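Comments concern the structure below.
The values are calculated or read from the model by the stated rules, or taken from the named source; none is laboratory data. Bear in mind that the values here come from a model prediction, so they are computed numbers and not experimental data. Don't worry about glycine lacking a Cβ; one is built from the backbone with ideal geometry, like all the others, and counts go over all protein chains shown.
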Amino acid sequence: MSPPLVTIAIPFVNNDETLPDAVRSVFAQTFQNWELLLVNDGSQDRSLAFARSLNDPRVSVISDGHNRGLPARLNQIAQLARGEFLARMDADDLMHPCRIAEQVSYLQINPDIDVVGSALWTINEHSVLIAQRGCQPARFSVAGALKNCPFMHPAIMGRTAWFLRNPYNEAYRRFQDGELFLRAMMAGDGRYGHLERLLFFYREPSDFDARKLIANYHSRRQLAWKFGPQVVGVISTGKLIAQSYLKQFLWRIATCCHQQQRLFALRNEPLSDSQREDGERAIQQIRGYNLPTQAIFTEPLAA
């Protein structure tokens with residue numbers, strides 16, 4: 001059997017409420033020449049049982065019983081991928097049915113591009129649309145990557161060969177995407193693109209664990225200390241680190257006051273009527289897809 005053109009990979013750990021709809025969004029794609037790698041990172045809930053219940057030859061379940069962390073799993077995925085292209089996705093997110101087709105088309109039309117991202121909807125824990133992000137042209141620079149990851153990480157697709165040349169640094173349990181792209185840009189390895197069309201649903205639950213975001217800021221400061229002086233100079237590096245501490249402090253205050261969504265809103269843009277209609281239609285299509293599973297898992301695990 002010939003290898004698929006695209007490898008879609010979903011690492012998961014204790015995601016039994018969201019993983020079924022994430023997988024539905026894969027099966028609902030207009031582009032069907034894919035393989036799906038479901039990589040268990042030590043789940044203790046029904047996630048692994050659900051993954052193993054899928055009855056489709058394009059689906060592979062990888063489970064070693066350990067919790068190794070996202071960067072290690074992403075490197076494992078690149079080693080296992082058989083597709084020319086590798087698509088990222090997290091177990092609590094969804095893909096628009098046209099996502100894979102449009103990103104594949106972009107990479108085929110632009111053979112000099114190694115990684116492409118897309119704009120995305122933000123959704124809450126009930127898959128209700130909140131806002132949008134990334135519908136503007138993207139700018140890729142080393143200095144910009146030092147401040148923020150140039151991509152919305154789960155929404156990227158790239159050439160598998162690029163991910164093999166540029167593995168994630170497993171020491172960065174948080175902000176591993178920012179570290180990867182900054183390192184690759186500084187080495188001059190890769191060219192990057194961005195689709196301004198909304199092709200992904202990124203979940204921002206109202207009970208977001210601020211400890212993860214605080215750990216993210218810690219990793220960003222590590223990156224700034226490591227690369228900042230040679231990229232933007234010592235003074236600008238100091239400013240970046242000071243800003244990071246300030247943002248971390250604001251998140252602590254917002255968490256104590258249960259106002260995290262106000263800070264999330266600063267990163268997002270409001271939805272137009274057409275964007276909302278397209279998103280709601282896509283979610284309805286995804287959630288209505290009947291997966292090829294054993295009987296015990298034929299109903300959604302999440303309401």
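The table below gives the values:
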item	result
Any hit, region 54-65, residues being assigned by TED's automatic domain parsing to the domain that holds Leu164, surrounded by fewer than 20 Cβ atoms within 10 Å (Cβ to Cβ) and hydroxyl-bearing (Ser, Thr, Tyr)	yes
Test for Asn14: is it at positive phi, touching a residue at least 24 places away in the same chain (Cβ under 8 Å) and part of a loop (DSSP other than H, G, I, E, B)	yes
Residue in region 231-267 that is surrounded by the most Cβ atoms within 10 Å (Cβ to Cβ), counting only those that are modelled with pLDDT under 85 and outside any helix (DSSP H, G or I)	Gln259
Verdict on Arg203 being assigned by TED's automatic domain parsing to the domain that holds Asp278 and within 24 Å of Ile100 (Cα to Cα)	yes
Among (1) surrounded by fewer than 16 Cβ atoms within 10 Å (Cβ to Cβ); (2) of a type outside the set (Gly, Ala, Ser); (3) within 26 Å of Ile130 (Cβ to Cβ); (4) at pLDDT below 95 - the single one Glu196 does not satisfy	(4)
Every residue from region 73-122 that is of a type in the set (A, V, I, L, M), buried (at least 19 other Cβ atoms within 10 Å of the Cβ) and not in a strand (DSSP E or B)	Leu74, Ile77, Ala78, Ala81, Met89, Ala91, Ile100, Val104, Leu107
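Results for (1) at pLDDT 95 or above; (2) of a type in the set (S, T, N, Q), shown as yes or no for each residue.
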| residue | (1), (2) |
| --- | --- |
| Val142 | no, no |
| Met152 | no, no |
| Thr160 | yes, yes |
| Ala171 | no, no |
| Tyr192 | yes, no |
| Phe201 | yes, no |
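Conditions tested, residue by residue: (1) outside the structural domain of Phe50 (by TED's automatic domain parsing); (2) at pLDDT 65 or above; (3) touching a Phe, Trp or Tyr at 6+ places or on another chain (Cβ under 8 Å); (4) in a helix (DSSP H, G or I).
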{"residue": "Arg276", "(1), (2), (3), (4)": "no, yes, no, yes"}
{"residue": "Gly279", "(1), (2), (3), (4)": "no, yes, yes, yes"}
{"residue": "Ile283", "(1), (2), (3), (4)": "no, yes, yes, yes"}
{"residue": "Ala302", "(1), (2), (3), (4)": "yes, no, no, no"}
